[in-house]
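J.: Provided herewith is a single structure, encoded as structure tokens, for subsequent inquiry.
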Amino acid sequence: MNARLILRQLPNHLIFRILHYSLISQQLRDELVVSAGSFRLKGGGNKVLEWQPFVLWLANLLLNYAGDILGNLLLGSLPLEPLCNTADILLSSLIWYCIFYCPFDLAHAVTSTLAFRILATAMSTISQVQLIDRGVHLAGQVYENAPIPMLVVGTVMGSGAEVLKPMASLLINRCQRNQMAYLKLSNTSKVALFLSLLFMLEIYKNPMIMGINRHQLMVYILVMTTAFKFLSLCYRTDHIIWLLEHHIRYTLFGGFSRDLSKFFQRLLEPKVRRTWAFTEFD
């Protein structure tokens, strides 16, 4: 009984979650590299990963919580309920950022070692077995022990990330077999994301809103958004969004760390003294 209780509580342990998220992020990065070509063919560094950080983060998030999301969807519960744990989301996002964009690829080098893979695989197996067990029992309660729904729910929850990998492939457009293909968010989507963030901050009464209530925020947003769209039509001011995004991606998502790595590699290269070659005609 104690062993069963320990196994049930083990997936909620911090170390277990770190290993689980690290394994999924590492596998996603390796698959992206294989599909886009070798780093050496690309000139080194993380250049292949500097596509769209938001899309890569979203794909990684779906793969991390694939089993719970699909299980809730098949059992008639709220599909996005697993994403309500803000602390867990921040933990998985931090691990994703470290593995994808850590300077000098330190985190990816650690997760690529055989010792880490063995430990993380063992932990992932425990999580898979418990998901299958929970899925079969919950399906039995919902579908009155019907065998086919129990098999389907158990298989889908146990497969988890493997089932949602086609959706992740659509997000990054790997199925187009184009090395630089990705799902590019339009300016409208980026503005919608920013406005959603403002409304969310208003709900939480964040000090960044400066005490503005919902109706005032609505008026200010309507005025600023309308003015921005008119200026974009007349003067192409939407280029500002691209410049801002470019600088953010360069600073936080691999560009700066790649150039820094090249700088240190250039410093470590041995200086070859030039020697003169003489021919027989000299």
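J.: Once phi is turned into ³J(HN,Hα) by the Karplus curve 6.51 cos²θ - 1.76 cosθ + 1.60 with θ = phi - 60°, what whole-Hz value does each residue of the stretch 212-228 show in order, with x for glycine and proline?
T.: Going residue by residue, I get 6, 7, 5, 5, 4, 4, 4, 5, 4, 5, 4, 5, 5, 5, 5, 5, 5 Hz, with x marking Gly and Pro.
J.: Which ³J(HN,Hα) values, rounded to whole Hz and listed in residue order, are derived for the stretch 112-121 from phi using the Karplus coefficients 6.51, -1.76 and 1.60 in 6.51 cos²θ - 1.76 cosθ + 1.60 with θ = phi - 60°, glycine and proline given as x?
T.: Working through the residues one at a time gives 8, 6, 5, 4, 5, 4, 5, 5, 5, 5 Hz.
J.: Report ³J(HN,Hα) in whole Hz for each residue of the stretch 144-160, in order, from the Karplus equation J = 6.51 cos²θ - 1.76 cosθ + 1.60 where θ = phi - 60°; Gly and Pro get x.
T.: These are the phi-based 3J(HN,Hα) values: 6, 6, 6, x, 5, x, 5, 5, 5, 5, x, 5, 5, 5, x, 6, x Hz.
Computed from the coordinates by the stated procedures, all read-outs in this text should not be read as laboratory data. This is a predicted model, so every value here is computed, not measured.
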